[in-house]
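The values are calculated or read from the model by the stated rules, or taken from the named source; none is laboratory data. Since this is a predicted model, take the numbers as computed values, not measurements. For neighbour counting, all protein chains shown are included, and Cβ atoms are generated from backbone atoms with ideal geometry for every residue, glycine included. Keep in mind that these areas ignore ligands, DNA and RNA; they rest on the heavy atoms of the full protein, side chains included. Shrake-Rupley method; radii C 1.70, N 1.55, O 1.52, S 1.80 Å.
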Amino acid sequence: MHDSFYAELGRLLVIGLVILLFGLLSGVWWLPILIGLGGYIAWHLLQMYKMEEWLHGIARNEQDLGSIWRYIAAYIRRIRHRGRQRKKRISRLLHRFYDTLEAMPDATVILKDELRVQWFNVAAQELLGLDSEARRKERRIGSLIDDAAFRTWLEEGNHDTPLEMPSPADASRLLQVRLVGFGDRQSLLLAHDVTELKRVEAVRRDFIADVSHELRTPLTVVVGYLEMLSEEELPEDIRQALLASRRQAERMQSIVADLLMLSRLEMDEDQAAGAEIVHVPDLLAGLVEDARHLSGEAAHPLNLHLDEELGIRGNEGQLGSAFGNLIFNAVRHTPAGTPIDIFWGREGDGARLLVADRGPGIAPEHLQRLTERFYRVDKSRSRERGGTGLGLSIVRHVLRRHGARIEISSTPGEGSRFVCLFPRERLVKLSS
Ligand code: ADP
């Protein structure tokens, strides 16, 4: 850059010297200055004219330009070339991006402002039934998919939880739909075919339900006979063997009962629980009595704080099982004599059940997984204490059906807190 500038400066200097010389020789100093500057400006004007022609592509050869103008033109040419290269690279990338989306087995729809269709892949045609007109007219996705649940889901705006819905193009297929925002008010609608997954899940659920059901009657008979026999006058070693068998058979009974409960809960997972009025204070008082029996000689002090006027609309059997699991866990997983506090009352505009113990607590890495089926922190200890590993999973399912959720917090060495939070719609004021 500077080379051509210095050359230009040099040229100006030579012109200046010539003007000076003429001025001295002629004795009329202003005339050569006027002619010199005029000529210089005229020359630059001519260069500008040529430059403009070159910029518009009329003149092809930048060599016709003079000094610094040639340099500027060369610089612009380089920038233009770089711009063209970048454009090509971006367009190649874009093609690759669209090719990748096109090859995806999941339906992918790019939506612009107001959820209008901008682009979609072949899978979206097959699974969502979209056609080219939708793209051409940039129609709103809500008006293209005729499914009430889909429209409500779109309007509610809470897209963190995916939606499951039948495929609009083939009702025998089940889709899991997600909406992810990106860029400037753009979104990506993704639909994954989960038909096969759901079928396998249903087979597993039915299998567990059938097996549990089939095991229930023989187990009742076995426990009945073992109970009868243990009342007989028998040698001590046989009596002990019978007692151990009875304990194990009863354990199996509770596993079977939990499995049956869980598979029933899983069957219509999203179905809301019934609307019978559940007298929660009475329910909890009964469960605390059962917990005292379970605690037996361990004599855990059980402190109950109840809002006697607060009830819930829901399913009493399910809620009893969920609350029971939390209270019995506190008894089973804490040392003898450890106090357990149970609170039932209002929380914000909803309701809260808190079961807090001062037992050994749970390490943070387990907290996330506690409500998974058969997840136990210490398998053998849980088994020893009569646990099945299904309790918290049942709690989660029951709460979900009641529009409620569970929050678990724990500090190892200090204790654990299990909180069930119920929404306002479920609350009932009980007459005392
Ligand atoms: P389990 O039948 O084994 O109690 P749950 O699903 O009810 O199964 O609980 C899962 C695991 O969570 C238990 O095995 C136990 O390790 C842990 N847990 C549950 N409640 C408590 C508690 N109050 N204190 C400490 N650990 C607990």
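Quick look at the values:
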read-out: Per residue accessible area of segment 33-97, 1.4 Å probe, in Å²; value: 79
read-out: In degrees, nearest ten, helix 2-26 long axis to first principal axis of the chain (Cα); value: 20
read-out: Cα long-axis angle, helix 30-55 against the chain (0 to 90 degrees, to the nearest 10); value: 40
read-out: Karplus-derived 3J(HN,Hα), 6.51/-1.76/1.60, for each residue of segment 309-318, Hz, glycine and proline x; value: 9, 9, x, 9, 8, x, 10, 4, x, 5
read-out: Segment 263-354, Rg to Rh (Cα coordinates; Rh as Kirkwood inverse mean 1/r); value: 1.01
read-out: Ratio of Rg to Rh over segment 334-432 (Cα coordinates, Kirkwood Rh, two decimals); value: 1.00
read-out: Reach of LYS88 by Cα under 30 Å, taken over lysines that are not fewer than 8 positions away in the same chain; value: LYS50, LYS112, LYS137
read-out: Computed lengthening from HIS56 to ARG204, 0.36 nm per intervening residue step minus Cα-Cα distance; value: 46.1 nm
read-out: By average C-beta atoms within 10 angstrom, highest first, the peptides 3-15, 40-52; value: 40-52, 3-15
read-out: Accessible area per residue, Å², segment 272-432 with all protein chains present, probe 1.4 Å; value: 47
read-out: Relative counts (whole %) of C-alpha pair distances in segment 108-208, using bins that are 5 Å wide; value: 2, 13, 23, 25, 18, 9, 5, 3, 2, 1, 0
read-out: Inter-label distance, nm, simple model (7 Å from Cα along the C-beta direction), SER67/LEU215; value: 9.8
read-out: Separation between Cα centres of segment 309-352 and segment 8-72, rounded to whole Å; value: 94
read-out: FRET efficiency, ARG185 to ARG400 (Cβ-Cβ, R0 45 Å, nearest 0.05); value: 0.90
read-out: Per-peptide average of other Cβ atoms within 10 Å, ordering 327-336, 61-70 highest first; value: 327-336, 61-70
read-out: Share of carbon and sulfur in the accessible heavy-atom surface of the chain [1.4 Å probe, %]; value: 56
read-out: Candidate aspartates and glutamates - alpha carbon under 18 Å from LYS429, same-chain residues fewer than 8 apart omitted; value: GLU276, ASP282, ASP307, GLU308, GLU309, GLU316, GLU347, ASP349
read-out: Per-residue [θ]222 nm for the chain (sum of -39500 (n - 2.57) over DSSP H runs n ≥ 4, rounded to 500); value: -18000 deg cm²/dmol
read-out: Dimensionless Rg over Rh [segment 1-72; C-alpha; Kirkwood]; value: 1.10
read-out: Rounded if a/c under 1.5, otherwise prolate or oblate - segment 197-267, Cα gyration tensor axes; value: prolate
read-out: Rh by Kirkwood over Cα pairs, then Stokes-Einstein D for the chain at 0.890 mPa s and 25 °C, µm²/s; value: 83
